[in-house]
Amino acid sequence: MKLPSARIIGYNVEDTERLKMSFPTVQRITALALAGATALCAPLARAQDTPATMDAAFSAPYKWELMISPYTLHYSKETDYNDVYLIGGEYYYDGNWMVGGAYFSNSFGQDSGTGYIGYRWDNLLGFHRVYAKAMAGIMYGYVEPYEDKVPFNQDGWSPIISAAVGFLVTPKDAVQVTLLGGSGLMFSYNRRF
């Protein structure tokens, strides 16, 4: 005997697929919440700064930065996208100049890598905890059948130009959002050494 279907907030209980939340959806919600919290906390960080202690703590010199990215938000809803994971590092020299590299699985599940140079601007807009980066370099990894997914790709090699904005949670820990051209945003945790 079939029981009559109950309705909960406009959904049939029998239609459980509509009630399930997929893992990528949870990742998107988490990433957007992280980005929103970063944007909302920036003014608070400035309000809590005391010039002597904050300048010293957040301007302390460091040479290395480790990046881990668990999620990338794609602008396109292309169905063959995979989750993107990245681990990378940056070495800082001569003030705020950097050289960096990363290993990642690209949007189509292919092992990829990048090498780049760049510059970091600290204390963006007068906020001790906010910084920006600009990077340019070369990337390898978008090969057949996806070689046409990045511009100027030649046998898997292509130039890259990217920008990022970050928020220092502590003097050594940061969350960062990196613009990936016209394809998406990458969310990362960064640790300074």
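The values are calculated or read from the model by the stated rules, or taken from the named source; none is laboratory data. Remember, predicted model here, so these are calculated numbers, not experimental data. Positions of Cβ are generated from backbone atoms using ideal geometry, with glycine treated the same way; all protein chains shown enter the neighbour counts. All accessible areas refer to the heavy atoms of the entire protein, side chains included, with ligands and DNA or RNA removed. Shrake-Rupley method; radii C 1.70, N 1.55, O 1.52, S 1.80 Å.
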Have a look at segment 72-193 and give its Rg and Dmax from the Cα atoms, expressed in angstrom.
14.9, 46
Please give, to one decimal in nm, the separation of the simple spin-label points placed at residue 64 and residue 77, each 7 Å out from Cα toward the Cβ.
4.3
Given a cut-off of 24 Å, name the pairs among 149/172; 77/133; 77/149 whose C-alpha atoms lie farther apart than that in the structure shown.
149/172; 77/133
Would you check the accessible area of residue 172, probe 1.4 Å, heavy atoms only, in square angstrom rounded to 10?
100
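What does the net charge come to around residue 141 if you take all other residues with beta carbon closer than 13 Å to its beta carbon, with K and R at +1 and D and E at -1?
Result for the local shell: -3.
Over segment 82-193, what is the relative contact order in whole percent, taking alpha-carbon pairs under 8 Å and six or more residues apart? Show your work: numbers first, answer last.
On the way: 241 pairs, mean separation 17.5, N = 112.
In percent, rounded to a whole number, it is 16.
Of the chymotrypsin sites (Phe, Trp or Tyr not before Pro) in segment 121-192, which ones lie in a loop per DSSP and count no more than 10 other C-beta atoms within 10 Å? Don't skip to the end; give the middle numbers.
Details: sites: 121, 127, 131, 140, 142, 146, 152, 157, 167, 187, 189; in loops: 127, 142, 146, 152.
Counting only loop positions with at most 10 other Cβ atoms within 10 Å, the chymotrypsin sites (Phe, Trp or Tyr not before Pro) in segment 121-192 are 152.
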